[in-house]
Amino acid sequence: MEHLNRYDGIDPRVLKHIRATARRLARQHAVPGMDAQDLEQDLVLDLWCRMEAFDPARASFRTFAHRVIAHRVATLTSPTARRAAERATVPLDMPVVPGSDITIAEMLPADPEDAAPGDSHALRLDVARFIASLTPALRRCCDILLSENVAAATEAAGLHRSSVYENAKRLKRQAIAAGLGGYLAGPRHFANRAGT
């Protein structure tokens, strides 16, 4: 099998392990929609992103790499409900939230040119699902937090500001637990080039 990708700066033995692992996962169809090349690239990228955490005082680089690869394989092949839902295909005429009249197709712009730069359809869908899953009190808290004047909106709702801020903390925790925190993470930057 010819390898099309070059990964300068990675130990050849680690790369051999990554390629063997990727081929094994592809043969087992462990990650739907990913072939050996896709898996190889994913494993190398994950290792590359974690190279900053390597501490030669704790273990050799090969040991570190094997642990990172094993953890990424476990994550990729984990049969969690969220990952299964992400990989599933969904018809565009399906409601965003069960029982809702709003379909996925209605949330998409008619013309892709009309979408604002950086506009994420996935983000809008995930936020709509998240808000639909909230209790009425937390939905009211969302409305208050989105108002122009939080203090005035809190007073108009007959609530104390401390309860709104406590609910805001609860909203943040639930949003992160629902997977919305990934939208806030910026790109990783490295001070040094990997492998040097």
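The values are calculated or read from the model by the stated rules, or taken from the named source; none is laboratory data. These numbers come from a predicted model, not from an experiment. Positions of Cβ are generated from backbone atoms using ideal geometry, with glycine treated the same way; all protein chains shown enter the neighbour counts. The protein model used for the area step is the full one, side chains on, heavy atoms only, and it has no ligands, DNA or RNA in it. Shrake-Rupley method; radii C 1.70, N 1.55, O 1.52, S 1.80 Å.
Quick notes on this structure:
- Contact map, the stretch 40-67: residues that are farther than 18 Å from ALA30 by Cβ paired with residues that are open to solvent by less than 40 Å² (accessible area, probe 1.4 Å) and at pLDDT below 90, Cβ distance under 6 Å, separation 6+ or inter-chain. Pairs shown: TRP48/ALA194; MET51/ALA194.
- Count of the stretch 1-22 residues which are open to solvent by 90 Å² or more (accessible area, probe 1.4 Å) and free of Cβ contacts under 8 Å to residues at least 40 places away in the same chain: 6
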